[in-house]
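Mind looking over this structure? Questions follow.
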Amino acid sequence: MLIDCAVLSQTIGLCETLKELDLENCYIQIEGLQCLGPVLHKCQELRLGINKLGDSGVKLLSAALRNPDCKIQELGLNENGLTDSSAEDLTSTFCTNRSLTVLDLGNNKLGDSGIKLLSVTLRKPDCGIEELMLTNVGLTYSCIGDLASALSTNRSLKFLNLGYNKLGDSGVKLLSAALRNLACEIQKL
């Protein structure tokens with residue numbers, strides 16, 4: 001796969017912008033991402049789900065997201081074995097990257113600590129995430145207060161998927177209160 005990623009990297013390098021790059025379930029792993037890393041910022045829609053990238057892969061990807069010429073608007077990182085460490089790397093890019101609006105982190109192991117990190121960034125006025133998928137990420141009641149607070153202040157987030165998490169009744173009550181806040185812009189939960 002390394003040779004294929006190297007060839008793909010050279011090909012993408014010839015493009016000014018690439019509308020969509022779907023490498024979901026292609027066994028890219030960290031080695032392939034190292035080859036592709038220098039050109040990924042040219043993609044508008046980038047799907048890297050089910051590739052076992054892990055936290056070290058997100059570190060590489062974060063460099064592409066920090067590139068001042070980054071065009072990535074939609075990023076799919078579902079099912080990559082990501083943890084709260086990945087959340088920390090990603091959130092550091094959200095305020096510098098103005099193009100990223102859709103992020104899928106579903107089916108990873110972000111846990112409450114990862115969601116708390118995301119929530120801090122979502123509260124910042126320069127965070128432009130509009131759609132966030134957090135399906136089955138190990139979210140529980142203990143981080144819902146942070147997330148609800150972010151929903152009450154965030155002006156860009158319109159779609160939030162929290163399916164297959166363990167919010168419980170208390171978590172749903174906190175979310176409901178945030179949704180009733182007039183400052184909350186969520187249109188689909």
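So what is the relative contact order of segment 49-104, in percent, for Cα pairs below 8 Å that sit 6 or more residues apart?
Details: 69 pairs, mean separation 27.4, N = 56.
Computed over segment 49-104, the figure is 49 percent.
How long are the semi-axes of the equivalent ellipsoid of the chain, taking √(5λ) for every eigenvalue λ of the Cα gyration tensor, in whole Å from largest down? Spell out each step's value before the answer.
Details: eigenvalues 183, 59, 30 Å².
One finds semi-axes of 30, 17, 12 Å for the chain.
Could you tell me which of rounded, prolate or oblate describes segment 1-102, using a ≥ b ≥ c as the square roots of the eigenvalues of the alpha-carbon gyration tensor, with rounded for a/c under 1.5 and, failing that, prolate when a/b is larger than b/c and oblate otherwise?
On the way: a/c = 1.65, a/b = 1.08, b/c = 1.53.
Since a/c reaches 1.5 but b/c is at least a/b, the shape of segment 1-102 is classed as oblate.
Take every Cα pair under 8 Å in segment 80-189 that's 6+ residues apart, average their separations, divide by the length, and report that relative contact order as a whole percent. Before the final figure, lay out the partial values.
Details: 223 pairs, mean separation 27.8, N = 110.
The normalised contact order for segment 80-189 reaches 25 percent.
I would also like to ask the following. Given the DSSP H assignment, sum -39500 (n - 2.57) over each helix run of at least 4 residues in the chain and divide by its residue total; what's the result at 222 nm in deg cm²/dmol, nearest 500? Can you show the working numbers first?
Working: 7 runs with 79 residues, N = 189.
About -13000 deg cm²/dmol.
Let me know the charge dipole size of the chain about its Cα centre in debye, to the nearest 20, where only the beta-carbon of Lys, Arg (+1) and Asp, Glu (-1) is charged.
Values: 18 positive and 22 negative charges, 114 e Å.
Here the chain has a charge dipole of around 540 debye.
In vacuo Debye scattering of segment 83-141, one point per C-alpha: log10 I(q)/I(0) at q = 0.13, 0.18 Å⁻¹?
With no solvent term, the Cα-only Debye profile gives -0.28, -0.55.
Same structure, new question: Rounded to the nearest Å, what's the spacing between the alpha carbon centres of segment 103-155 and segment 1-48? Just the number, please.
27 Å
Pairs to check: Lys19/Lys71; Lys42/Lys124; Lys52/Lys109; Lys19/Lys52; Lys116/Lys158. Give those whose C-alpha atoms are more than 21 Å from each other in this structure.
Working: Lys19/Lys71 9 Å; Lys42/Lys124 26 Å; Lys52/Lys109 12 Å; Lys19/Lys52 24 Å; Lys116/Lys158 19 Å.
As for pairs spanning more than 21 Å Cα to Cα, those are Lys42/Lys124; Lys19/Lys52.
Report the rotationally averaged projected area of segment 97-189 based on its alpha-carbon convex hull, in square nanometres.
Details: hull surface 20.3 nm².
Its Cα hull, projected and averaged over all orientations, spans 5.1 nm².
Return, in residue-number order, each cysteine of the chain whose C-beta is not under 4.7 Å from any other cysteine's C-beta.
If one checks each Cβ against the other cysteines of the chain, Cys15, Cys26, Cys43, Cys70, Cys95, Cys127, Cys143, Cys184 turn up with nothing under 4.7 Å.
Only the coordinates and a few stated rules stand behind these numbers; no lab work does. Remember, it's a predicted structure, so these values are computed and weren't measured experimentally. Note that we place each Cβ from the backbone using ideal geometry, even for glycine, and neighbour counts take in every protein chain shown.
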